[in-house]
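Have a look at the structure below before the remarks.
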Amino acid sequence: MQEVNTYLSGALKKARKDRNLSLDKAAKATGVSKAMLGQIERGESSPTLATLWKIASGLNLSMSGLLGPALSGPPTVFRNADALREQPTQDRMLVATLFPFNPTLGFEMFELTLLPGYERYSEPHEPGVTEHVVVIEGEVEIFADDQWQKLAKGDAIRFAADRPHGYRNLSNTSGVFHNLIHYPPR
């Protein structure tokens, strides 16, 4: 977790400075308080996933851009979810960034593990963002189009993430899924 907080701290600071934003202006753009942004930049706070999404959306960044560096090198890349899995926020969710955002491809891909009892509603992402979810273990529920959809291993759903949506696991075992988030061309 400390490694993620260290990267997040630097990534947030760089994104803010690249945009010539004071903490006040960044707070207005993201809806996250100036105090919280300052704590994150100093590595003193582990934000929630909802807070990270607010920051990413408000600064027009990808989520993976806040969690770790972009991949470089040859087009063929091997990644192992077990080696990448971590709990980057205080939420009851484990995250493996399988493929960080790539502007040429327009997407990022995660393996997400919802621990039993996890539930989160997400605010809409920027216009045109879509999510593609494929359950690989257990069961999860996805809130899209104003209703919860129960998905089991092998089930998939694509939905507009520029509207309210959510994720939950009401079972007593973990639910694991791949989440590909596609961003429109900028």
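Using the alpha-carbon atoms, what tilt in degrees (0 to 90, nearest 10) does helix 2-18 show relative to the longest principal axis of the chain? So the inclination is approximately 50 degrees.
With Cα atoms defining each centre, the stretch 54-98 and the stretch 132-186 are spaced 17 Å apart in the structure. The phi torsions of the stretch 98-114, fed into the Karplus equation with coefficients 6.51, -1.76 and 1.60 and a -60° offset, translate into couplings of 5, 9, x, 3, 10, x, 5, 8, x, 9, 10, 9, 10, 9, 10, 10, 8 Hz, rounded to whole numbers, with Gly and Pro shown as x.
Each residue of the stretch 148-165 was assigned a 3J(HN,Hα) from its phi angle through the Karplus expression (A = 6.51, B = -1.76, C = 1.60, θ = phi - 60°), giving 7, 10, 7, 10, 10, 3, x, 7, 9, 8, 10, 8, 6, 8, 8, 10, x, 8 Hz with x at Gly and Pro.
The C-alpha atoms of the chain define a longest principal axis, and helix 49-58 lies at about 60 degrees to it.
If you sort THR173, THR104 by accessible surface, 1.4 Å probe, largest first, the order is THR104, THR173. Ligands, DNA and RNA left out, the accessible area of the stretch 68-186 computed with a 1.4 Å probe is 53% carbon and sulfur. For the chain, lysine pairs with C-alpha atoms less than 22 angstrom apart, excluding pairs fewer than eight positions apart on the same chain, total 16.
Can you give the log10 of the normalised intensity I(q)/I(0) at q = 0.09, 0.12 Å⁻¹, computed with Debye over equal Cα scatterers of the chain? Cα-only, vacuum Debye calculation for the chain: -0.31, -0.56. Pairs of alpha-carbon atoms within less than 8 angstrom and 6+ residues apart define the contacts here; what relative contact order does the stretch 136-183 have, in percent? Taking the mean separation of contacting Cα pairs over the length of the stretch 136-183, I get 47 percent. What the Cβ-Cβ distance of ASN172 and GLN90 gives, at R0 = 25 Å and to the nearest 0.05, is a FRET efficiency of 0.70.
Of the GluC sites (Glu not before Pro) found in the stretch 1-83, the ones in coil according to DSSP and having at most 13 other Cβ atoms within 10 Å of their Cβ are GLU44.
When you restrict to C-alpha pairs under 8 Å that are six or more residues apart and normalise by the size of the stretch 1-131, the relative contact order lands at 22 percent. Distance between the pseudo-spin-label points of TYR121 and LEU105 (7 Å out from Cα toward the beta carbon): 3.3 nm.
Considering only DSSP states other than H, G, I, E and B, which chymotrypsin sites (Phe, Trp or Tyr not before Pro) in the stretch 30-103 qualify as loop sites with at most 15 other Cβ atoms within 10 Å? Passing both the DSSP loop test and the Cβ count: PHE78.
The values are calculated or read from the model by the stated rules, or taken from the named source; none is laboratory data. Quick caveat, the model's predicted, so the values are computed rather than measured. When we count neighbours, we look across all protein chains shown, and the Cβ atoms used for this are built from the backbone with ideal geometry, even at glycine. Just so you know, the surface numbers come from the protein's heavy atoms only, side chains and all, with ligands and any DNA or RNA stripped out. Shrake-Rupley method; radii C 1.70, N 1.55, O 1.52, S 1.80 Å.
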